[in-house]
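Below: the structure, in structure tokens.
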Amino acid sequence: MNSMLIGVDISKNVFVMHGIDSRGKEQLRKKASRGDFLATVAGYPGSIIAMEACGGANHWGRELQQRGHEVRLLAPHHVKPYVRSQKNDHADAEAIAEAASRERARFVAVKDITQQDLQTLHRIRERMVKESTAQVNMLRGLLLEYGIAIPEGITRFRNEFHQILESHNKQLTGLMYREFVELFTEYRELARRLEQCDKKLEAIAKSHPVAKRLLTIPGVGYVTATALLTLSVDGCQKGRDFAAMLGLIPSQYSTGGKQVLGRITKRGNKYLRKLLIQGARSMLIQCHRHPTKYYSKAAELKARLGFNKAAVATANRNARIAYRLLISDEVEFQDTVFV
């Protein structure tokens, strides 16, 4: 009983468990409420608990680890092929147990509370960025309907909005003038909160020893550095595996001994992939200002492949370097080494 593997289909209120022994034979088929789940699992000490890496999985994973269980989290798309016939909670729990029992199964690491906090902060920041951008675009579009064009650039938008609105006051009714002022006030509040969030991330990056090493990589700022801290590299054997986890390697469709490579796979963490590519773009723009070997290599890529392909290739290289810095406390970025 101690060696039982229990697949758990978690939800908001109902937890369905399916346990199998080392031979794959069913030993447990039970349902528990949210409040009774931990007490129910406590009746099977030393068991391996498998769950999908979905909402709440990290919380329950930490709780189960504290109680002496081994926790295995699986990506949902790795579980789906094992669902038999019609989909229901019991079928999902059985599929989770089946997938977790496979020798070549790949698992997602359970995030500790610090990683969870950082990830939450980044998700809040990303929401504010989207809302802020949407607010600016809406203001531009609505004002254009009244014949008022706002200059390009977010800085000019912030600094000149009131002046432009005042100069075109006669083109707006009193009702619309007040509405546009209120919309701009909402935008300024979003911008203020976003600035506060950025300051928190910057403070964390400057105080965390690993983040400080990551900040030495060209094209990696405090936002990207702290986002990298939320990832676990336990399942990666080398830097290429880490880049592959972020979807920064070419997709492959090879057969008959003929290798066919396509565009990047875009798998894994799209948020971090976006940050690395944006950082690489910024790096390529600044190449002429930094006459170092690392920047010179990026400039050669840009001249040979074009800006966009060079940006992805540079992001891939930065991801591999980040992996080296994440796994070793002694390795530091050096321009002469990582070329």
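Here's the yes/no breakdown for (1) free of Cβ contacts under 8 Å to residues at least 60 places away in the same chain; (2) under 31 Å from the mean Cα position of the chain (by Cα):
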site	(1), (2)
Ile6	no, yes
Asn13	yes, yes
Ser22	yes, no
Leu28	yes, no
Arg34	yes, yes
Leu38	yes, yes
Gly43	yes, no
Gly46	yes, no
Ile49	yes, yes
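Do we have Ile249 as within 20 Å of the chain's Cα centre (by Cα), assigned by TED's automatic domain parsing to the domain that holds Leu214 and more than 23 Å from Leu118 (Cα to Cα) here? Taking the combined requirement at face value, the residue satisfies it. Which residues, counting only those in the stretch 55-71, are free of Cβ contacts under 8 Å to residues at least 40 places away in the same chain and within 14 Å of Gly7 (Cα to Cα)? Result: Leu64, His69, Glu70, Val71.
Going through (1) in contact with a Ser or Thr (Cβ under 6 Å, 6 or more places away or on another chain); (2) over 24 Å from Val210 (Cα atoms) one by one, Pro250 falls short only on (1). Here Val223 fulfils each of the conditions (1) within 30 Å of Asp329 (Cα to Cα); (2) loosely packed, with under 14 Cβ neighbours inside 10 Å; (3) at pLDDT 95 or above apart from (2). Annotation: of all residues in the stretch 254-286 being assigned to a helix (DSSP H, G or I) and aliphatic (A, V, I, L, M), the one that is surrounded by the most Cβ atoms within 10 Å (Cβ to Cβ) is Leu276.
Hey, any hits in the stretch 200-216 for a residue that's farther than 25 Å from Leu326 by Cβ and among the hydrophobic types (A, V, I, L, M, F, W, C)?
The initial filter retains those residues of the stretch 200-216 that are farther than 25 Å from Leu326 by Cβ, namely none.
Looking through the stretch 200-216, none of the residues is farther than 25 Å from Leu326 by Cβ and among the hydrophobic types (A, V, I, L, M, F, W, C).
Output the residues belonging to the stretch 206-243 that are hydrophobic (A, V, I, L, M, F, W, C) and under 25 Å from Thr133 (Cα atoms).
The answer is Val220, Val223, Ala225, Ala227, Leu228.
The single condition among (1) under 30 Å from the mean Cα position of the chain (by Cα); (2) at pLDDT below 95 that Ser85 does not meet is (1).
The values are calculated or read from the model by the stated rules, or taken from the named source; none is laboratory data. Quick caveat: nothing in here was measured; it's all calculated off a predicted structure. We place every Cβ from the backbone using ideal geometry, glycine too, and count neighbours over all the protein chains shown.
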